[in-house]
1. Would you please name the residue that is modelled with the lowest pLDDT, looking only at residues in the range 18-53 that are surrounded by 14 or more Cβ atoms within 10 Å (Cβ to Cβ), more than 12 Å from the chain's Cα centre (by Cα) and not in a helix (DSSP H, G or I)?
2. Collect the residues in the range 82-129 that are within 20 Å of SER50 (Cβ to Cβ) and aliphatic (A, V, I, L, M), keeping them in residue-number order.
3. Hey, can you tell me all the residues within the range 83-129 that are in a helix (DSSP H, G or I) and exposed (fewer than 12 other Cβ atoms within 10 Å of the Cβ)?
Amino acid sequence: MIAVDTNILVRAILGDDPRQSPIARKAIENARDILVPITVLIELAWVLKSVGWTRVRIHRALGILALQPTVHLDRSAEVLAALEDFKSGPADFADYLALRQAKALGARKLLTFDRKLANAPGAERLVRP
């Protein structure tokens, strides 16, 4: 098994670098088993958003990546659940992933200042008294 860094996935998905993109795609295509660390997924979602991708497009790209038979996601159950939350909710993917991980680790709630995440089950917004 090999692991990939965010820049490999970004180059392969965006195809934005004439030298690196084909190399990244070929490496992914030739790999039998690819591990995608959770931090790489968070960064990938952020990069895609920063280049103007919509929520729907980001969800689709991460979902396609997750369904590849050669791809193994770090903490896949939490990632897939966070992807579903992200699909219909207003918060960022990273926020939903933090919430899902907190629940998986036994936390009864995740405290946040994020108004978008605060409405998700298991999240609680802190406000000034």
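1. Here the answer is ALA31.
2. ALA82, LEU83, ALA91, ALA94, LEU97, ALA98, LEU117
3. Once the filter is applied, which keeps residues that are in a helix (DSSP H, G or I) and exposed (fewer than 12 other Cβ atoms within 10 Å of the Cβ), the range 83-129 yields SER88, ARG115.
The values are calculated or read from the model by the stated rules, or taken from the named source; none is laboratory data. Fair warning: this is a prediction, and the values are worked out from it, not measured in the lab. Positions of Cβ are generated from backbone atoms using ideal geometry, with glycine treated the same way; all protein chains shown enter the neighbour counts.
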